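First comes the structure, then the notes that go with it.
The values are calculated or read from the model by the stated rules, or taken from the named source; none is laboratory data. The shown structure was predicted, so the numbers you read here are calculated from the model rather than taken from an experiment. We place every Cβ from the backbone using ideal geometry, glycine too, and count neighbours over all the protein chains shown.
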Amino acid sequence: DSGVTQTPKHLITATGQRVTLRCSPRSGDLSVYWYQQSLDQGLQFLIQYYNGEERAKGNILERFSAQQFPDLHSELNLSSLELGDSALYFCASSVVGSRGMDEQFFGPGTRLTVL
Amino acid sequence: SQQGEEDPQALSIQEGENATMNCSYKTSINNLQWYRQNSGRGLVHLILIRSNEREKHSGRLRVTLDTSKKSSSLLITASRAADTASYFCATRTGANNLFFGTGTRLTVIP
């Protein structure tokens, strides 16, 4: 158990819909990262938040957005869903800025299926 | 792209044999990390090697890094069926996010 929790575990929805994925980082971790893993694209970095502020952006679509709240949990919002958005979405957390504490701890993921 | 590439894409060995996976990347890095992923589950950090290190050990794992060739290798010795998983290398540059490779799927046959 990494200490990172994600809800829900599974999500099935229809094209055009909007969903919200939630992540709680490990206690004490200030950084949250979101990744998308699909069969054809591999593991793609989407976005990073640090202590409530956006820190880095990767291959995140404009239809997707995220935020990190004062209690450090994060939400990833996916809207106007398309079939190709079906994937595993992972959240990870880390202690940023501490020497040697660079590893990321991954949650169990949310499997999104868009029908 | 900074993304690394693992080689081979898939590897199948007998229990007790050693498994070697390679990772190549494109730009200068601060460190390189290896992660394991069991099917459909979250990634688990295995080991981190800094750009000024050449070799690192952790239990049955040995990682090497050659910055001149922009490559790394992960050796798992005396493999076990429980080592069956996908293995990813990830590189960290000056930014805080990691760039993951495409992964090697390892199957250890009992």
Against the definition (closer than 19 Å to B:A10 by Cβ, touching a residue at least 40 places away in the same chain (Cβ under 8 Å) and away from chain A (no Cβ under 11 Å)), how does B:I109 come out, yes or no?
yes
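Being in contact with a strand residue (DSSP E or B) (Cβ under 9 Å, 6 or more places away or on another chain), without any contact (Cβ under 8 Å) to a residue 24 or more places away in the chain and assigned to a strand (DSSP E or B) is true for just one of A:Q36, A:Q44. Which residue is that?
Only one candidate qualifies: A:Q44.
Would you check which residues across the range A:58-115 are among the aliphatic types (A, V, I, L, M) and within 14 Å of another protein chain (Cβ to nearest Cβ) and list them?
Initial filter on the range A:58-115 (among the aliphatic types (A, V, I, L, M)): A:60-61, A:66, A:72, A:76, A:78, A:81, A:83, A:87-88, A:92, A:95-96, A:101, A:112, A:114-115.
Passing the criteria: A:I60, A:A66, A:A87, A:L88, A:A92, A:V95, A:V96, A:M101, A:L112.
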Look through the range B:78-106, keep the residues that are hydrophobic (A, V, I, L, M, F, W, C), more than 13 Å from B:I29 (Cβ to Cβ) and surrounded by fewer than 18 Cβ atoms within 10 Å (Cβ to Cβ), and return whichever of them is farthest from the other protein chains (Cβ to nearest Cβ).
B:A78
Of the conditions (1) over 26 Å from A:Q41 (Cα atoms); (2) within 13 Å of chain A (Cβ to nearest Cβ), B:R41 fails just one. Which one is it?
(1)
Where residues in the range A:1-33 are closer than 24 Å to A:E103 by Cα, charged (D, E, K, R) and in contact (Cβ under 8 Å) with a residue 40 or more places away in the chain, which of them is surrounded by the most Cβ atoms within 10 Å (Cβ to Cβ)?
A:D29
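Among the residues of the range B:41-94, count how many are basic (K, R) and part of a strand (DSSP E or B).
Residues meeting the conditions: 4.
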Filtered residues of the range A:41-81 (kept if within 11 Å of the chain's Cα centre (by Cα) and of a type in the set (D, E)):
A:E75
Per the list (1) of a type outside the set (D, E); (2) surrounded by 14 or more Cβ atoms within 10 Å (Cβ to Cβ); (3) more than 27 Å from A:A56 (Cα to Cα); (4) modelled with pLDDT under 95, residue check on B:S39 breaks on (2)
Report yes if B:L75 is touching a residue at least 24 places away in the same chain (Cβ under 8 Å) and surrounded by 14 or more Cβ atoms within 10 Å (Cβ to Cβ), otherwise no.
yes
